Every structure is written in C-alpha cells, then in structure tokens.
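Nothing in this text is a laboratory measurement; each read-out follows from the coordinates by a stated rule. Since we're looking at a predicted model, the values are computed, not measured. When we count neighbours, we look across all protein chains shown, and the Cβ atoms used for this are built from the backbone with ideal geometry, even at glycine.
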Amino acid sequence: MIVCVSSTGDLVEVQPEWSERLATGDTGGFLIERQGDLVYHTELDQENFFHIFGTELNDYMRSISTSG
C-alpha cells in the first residue's frame, strides 16, 4: 500500500462526481465502497483507483502503529 499525504486538494475536480456516483450506485463496475473512493484517468488514459482519506487517516495510522 502506498500512502501519499497532501494538503493541496488531490483530485478535487473528480471527488464530487464519485461521491454522487456512490450515492446513486452508478459506480461503473468499479469497487467504489465508501466516501473518498474514486477512479481517475492518467495522462495515458489509464483508469486508476484512488482513495482520499479525511481525518480518519489518523485513526487508521494509530491502529497499525505500536507505541514505543
């Protein structure tokens, strides 16, 4: 798994589309299961799955990290 942290609004232009598609169930056959899941097209017109984490990323990171 690769996690890239950014504060620049990654893929902000496609987030509303995929949020609406998730709500209506029109996911085009992609495994879009939760808010933040989306598919975007690369410059080579390849479809890539991407998940935009919100504040829940902190909880996920704590759950896979050990103290000390």
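Ordering Ile32, Gly54, Ile64 by Cα displacement along the dipole of segment 28-68 toward the positive end leaves Ile64 in first place; charges were set at the Cβ atoms of Lys, Arg (+1) and Asp, Glu (-1). Rounded to the nearest 20 debye, the dipole size of segment 28-68 about its Cα centre is 260 debye, using +1 on the Cβ of Lys and Arg and -1 on the Cβ of Asp and Glu.
A cut-off under 13 angstrom between Cβ atoms defines the neighbours of Leu22, and their net charge, with Lys, Arg +1 and Asp, Glu -1, is -3.
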